[in-house]
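Read-outs: derived from the displayed coordinates by stated rules, not from any lab. No experiment lies behind these values; they were computed from the predicted model shown. A quick note on method: Cβ atoms are made from the backbone with ideal geometry, for glycine too, and the neighbour counts reach across all protein chains shown.
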Amino acid sequence: MLEVCKKVNLNLGEAMLDIVIGENGNKLSGGQRQKLALARLLIRNPQYLVLDEATSALDKQAESEMLRMISENYLNATYIVIAHKMSAINGCNRRIILVDGKCVLDQHLNLQEDGIN
């Protein structure tokens, strides 16, 4: 677990695995909770990922690192990404944009042809 926490840049101090995080992680920042969730995800190695506002509490650099970590570790996984920030869906090959519950865009992208990983 310690190695995975380092992969996602989650630094909780020297006693990282013995730290009390409180009920529902209330002693952690929003970004730390999201990084901890990603670390738990990396350990499980799922075939399908549902990322619902997975980077909402992260700054731009941390978001970029988290998305890179996910794409490097889950090459063959299917992702469903729910986000308000367009930067969180840049690597997706299909985008469905909803406004007031209605689909306003259903766009298929060929990211490999465009040179995007």
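As a proxy for reagent exposure, ranking Lys102, Lys85 by other Cβ atoms within 10 Å from fewest up yields Lys102, Lys85. Sites listed here are GluC sites (Glu not before Pro) in the range 50-108 whose DSSP assignment is loop and whose Cβ has at most 16 other Cβ atoms within 10 Å: Glu53.
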